[in-house]
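Just below is one structure, and these are the notes that go with it.
The values are calculated or read from the model by the stated rules, or taken from the named source; none is laboratory data. Remember, it's a predicted structure, so these values are computed and weren't measured experimentally. All Cβ positions, glycine included, derive from the backbone under ideal geometry; neighbour counts span all protein chains shown. Note: areas computed on protein heavy atoms with side chains; ligands, DNA, RNA excluded. Shrake-Rupley method; radii C 1.70, N 1.55, O 1.52, S 1.80 Å.
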Amino acid sequence: MRQEDISEIWFEYEGTPLKWHYPIGLLFDLLASSSALPWNITVHFKSFPEKDLLHCPSKDAIEAHFMSCVKEADALKHKSQVINEMQKKDHKQLWMGLQNDRFDQFWAINRKLMEYPAEENGFRYIPFRIYQTTTERPFIQKLFRPVAADGQLHTLGDLLKDVCPSAVAPEDGEKKNQVMIHGIEPMLETPLQWLSEHLSYPDNFLHISIIPQPTD
């Protein structure tokens, strides 16, 4: 292939262009969780799908998107107080730890974003996004507290019943969907605060995939 024939590189799985600004684990859960590993995807060098994908002009664009998500998550959790108290070098360490697969370097900064005052039972709001394969809507996101007014911890099931009730099977009904985070199906009774602390992606969001229940 001649250099002049190459436009922007992009990836596709079974006809679906893969969004570079979505975490790879989320993309796999959403599109290919029932397929065998390794995940076979197609690499394209031409015919960039303008209607489906954002352009990614440089590595700096990826860093900027990542930091924007981290800042949004902290706005929800701590009114941006934690991220704003950090220095520029801390932000850089967070990104470099992720980019270079250095967990200790990343976690030295990120653990501060996962803390909350001892007198409180959790974050102010839970940063989450819910994705579905059966809708054109990119994702569902709204304000949701980890603790109810009576002090009870909200669960994953509480969240789904509130913002995406179609994902939860009625007590006497057939289960039609799987709720996936990081390739596993957490129990709906799991406290949302615990999920946010332990199963958030590096951008500090809980990325939740709702996919049709496998029939085989």
Review point. Summing +1 for each Lys or Arg and -1 for each Asp or Glu, what net charge is found among the other residues whose Cβ lies under 14 Å from the Cβ of THR16?
Key: -3
Exercise for review: Using a/c under 1.5 as the rounded threshold, could you call the stretch 1-57 rounded, prolate or oblate? The axes a ≥ b ≥ c are square roots of the C-alpha gyration tensor eigenvalues, and prolate needs a/b larger than b/c, oblate otherwise.
Suggested key: prolate
Practice item. In whole Hz, with x marking every Gly and Pro, tabulate ³J(HN,Hα) for the stretch 18-34 from phi via Karplus 6.51 cos²θ - 1.76 cosθ + 1.60, θ = phi - 60°. Key: 8, 6, 5, 8, 9, x, 4, x, 5, 4, 5, 4, 6, 10, 9, 5, 9
Review point. Can you pull the percent of the stretch 1-98's accessible area that's carbon plus sulfur, 1.4 Å probe, other chains left in place?
Key: 55
Review point. Taking H as built 1.01 Å from N, whose amide H comes closer than 5 Å to the amide H of GLY122, not counting residues under 5 places away?
Key: none
Practice item. Give the peptides 22-31, 79-88 in descending order of average Cβ contacts within 10 Å, highest first. Key: 22-31, 79-88
Study note, to complete from the structure: Cross-link reach from LYS88 to aspartates and glutamates, straight Cα distance under 14 Å and at least 8 residues apart if same chain, gives GLU63
Review point. With the contact rule set at Cα under 8 Å and sequence spacing of 6 or more, what percent relative contact order holds for the chain?
Key: 21
**Study point:** Estimated 222 nm signal from helices in the chain, with DSSP H stretches of n ≥ 4 weighted -39500 (n - 2.57), rounded to 500
**Key:** -10000 deg cm²/dmol
Practice item. Answer with one residue from GLN93, PRO170, LEU37: the one whose Cα lies farthest towards the positive end of the charge dipole of the chain, charges on Cβ with Lys, Arg +1 and Asp, Glu -1. Key: GLN93
Point to revise | Antiparallel DSSP beta bridges within the chain, percent to nearest 5 | key: 70
Practice item. Rounded to the nearest Å, what's the spacing between the alpha carbon centres of the stretch 71-102 and the stretch 42-66? Just the number, please. Key: 23
**Study point:** Alpha-carbon spread of the stretch 140-216, three principal axes, descending order, Å
**Key:** 37, 30, 20
Revision key, fill the gap. Too long for a 19 Å Cα-Cα cut-off, among LYS51/LYS176; LYS79/LYS112; LYS89/LYS112, are LYS51/LYS176
**Study point:** Length added when fully stretched, LEU54-ARG145, from 0.36 nm per residue minus Cα-Cα
**Key:** 29.6 nm
Revision key, fill the gap. Note, the stretch 46-61: 3J(HN,Hα) by Karplus (6.51, -1.76, 1.60, θ = phi - 60°), whole Hz, Gly/Pro = x, goes 8, 6, 4, x, 4, 6, 9, 10, 7, 6, 10, x, 6, 4, 5, 5
